[in-house]
Amino acid sequence: MQITASLVKELRARTGAGMMDCKKALSATDGDMDKAIDYLREKGLSKAAKKASRVAAEGIVECYVDEANKVAALVEVNCETDFVANTDEYKNLVASIARHIAACKPADMDALMAQTFTGTDKTVKDVITEAIAKIGEKVDLRRFTVYEYGNHTLGHYIHGAGKIGVMVELEGGDEEVAKHVAMQIAAAAPSWLDRTQVPQDVLDHEKEVLSEQARNEGKPEKIIEKMVIGRLQKFYKENCLVDQEFVMDNEKTISGLLKEHGAKALRFVRYQLGEGIEKKKEDFAAEVQSFMNK
């Protein structure tokens, strides 16, 4: 497979590794991006363990909480430019969509689009279509989550004027600790609530990568298994919410914080604006193209 400049640029953006290392990794893995990331990690060259794409799309992540009815909604609505995302018209549109979702609790995106938009005789889909015509940009109601939290405690947090949004549900605790946990999730981006939620295939894959990493460091086979067990603890601390160090007090873990307040984390959702959406960026384009042409 031909290793193009765009492949090298993407791998560099996702791992922070040097261009020559990225090109070598792609060549060694026949252009397979995921395998190239593993290759760089095994060689100790990758600066990013997670494989999440860089955030690119514009828009807003918004949260609406109906405290009277104990229901909350988190929604991401994308547009093409930051200029549009910062207008009052767009902010009001996203806020009204979040309120509608909390009130009507649609089962999925198809159900949402077919619903009559609150306070109008139009469907949600029609409202989005009209917004596109008026704004002059594509508007994409990308995803949403509804929490009906009953007697539990809800924490929510919006960071960076809608760049990151979080909802977390606790059993016990109070609004202050729930807010702190929501801020933790925004800052530290855990992938799972606790170790029991880590899929077995993910765990097996991580063990393989860590084993190969140890071999490449010249460690003898007889101690590699113990090393992998030790390094998995770091994986859990980075990726499981309750194992993470509390960002506001690194002497505590989140599990310790929750225990102090008689609380238990039940579930959370975190949206980062544009995650997983590919959008042209020029960050390394000229530099990489020049390198590839040599």
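The values are calculated or read from the model by the stated rules, or taken from the named source; none is laboratory data. Computed from a prediction, not measured in an experiment: that's the story for all the values here. Because the Cβ atoms are built from the backbone with ideal geometry, glycine has one as well, and the counts that use them run over all protein chains shown. The protein model used for the area step is the full one, side chains on, heavy atoms only, and it has no ligands, DNA or RNA in it. Shrake-Rupley method; radii C 1.70, N 1.55, O 1.52, S 1.80 Å.
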TODO: For region 31-141, with all protein chains present and a 1.4 Å probe, just round the carbon and sulfur fraction of the accessible area to a whole percent.
DONE: 48
- [ ] Beta carbons within 10 angstrom, averaged per residue: use that to sort the peptides 190-201, 131-142, highest first.
- [x] 131-142, 190-201
- [ ] Any chance you could tell me what percent of the C-alpha pair distances in region 118-170 go past 14 Å?
- [x] 69
- [ ] Determine the distance separating the Cα centre of region 162-208 from the Cα centre of region 76-152; give it in Å without decimals.
- [x] 25
Open item on the list: Can you find, among 155, 144, 184, the residue sitting farthest towards the positive end of the charge dipole of region 143-265, where Lys and Arg contribute +1 and Asp and Glu -1 at Cβ?
Closed with: 184
Open item on the list: Let's see if you can work this out: charge +1 on each Lys and Arg Cβ, -1 on each Asp and Glu Cβ, no other charges. What is the dipole magnitude of region 129-184 about its Cα centre, in debye to the nearest 20?
Closed with: 420
- [ ] Grab every C-alpha pair in region 4-49, bin the distances at 5 angstrom width from 0 up to the longest one, and report whole percents.
- [x] 5, 30, 43, 19, 2
Task: Per residue, in Å², the accessible surface of region 1-40 once ligands and nucleic acids are set aside, probe 1.4 Å - done: 46
TODO: Take region 144-216, drop everything but the C-alpha atoms, weight them equally and run the Debye formula without solvent; then report log10 I(q)/I(0) at 0.13 Å⁻¹ to two decimals.
DONE: -0.55
- [ ] Would you mind checking the radius of gyration and Dmax of the chain based on alpha-carbon positions, in Å?
- [x] 22.1, 70
TODO: Based on a Kirkwood Rh over C-alpha pairs, give the Stokes-Einstein translational diffusion coefficient of region 38-178 at 25 °C and viscosity 0.890 mPa s in µm²/s.
DONE: 146
Open item on the list: Run lengths n ≥ 4 of DSSP H only: what is the helix-derived mean residue ellipticity at 222 nm for the chain, with -39500 (n - 2.57) per run over all residues, to the nearest 500?
Closed with: -14000 deg cm²/dmol
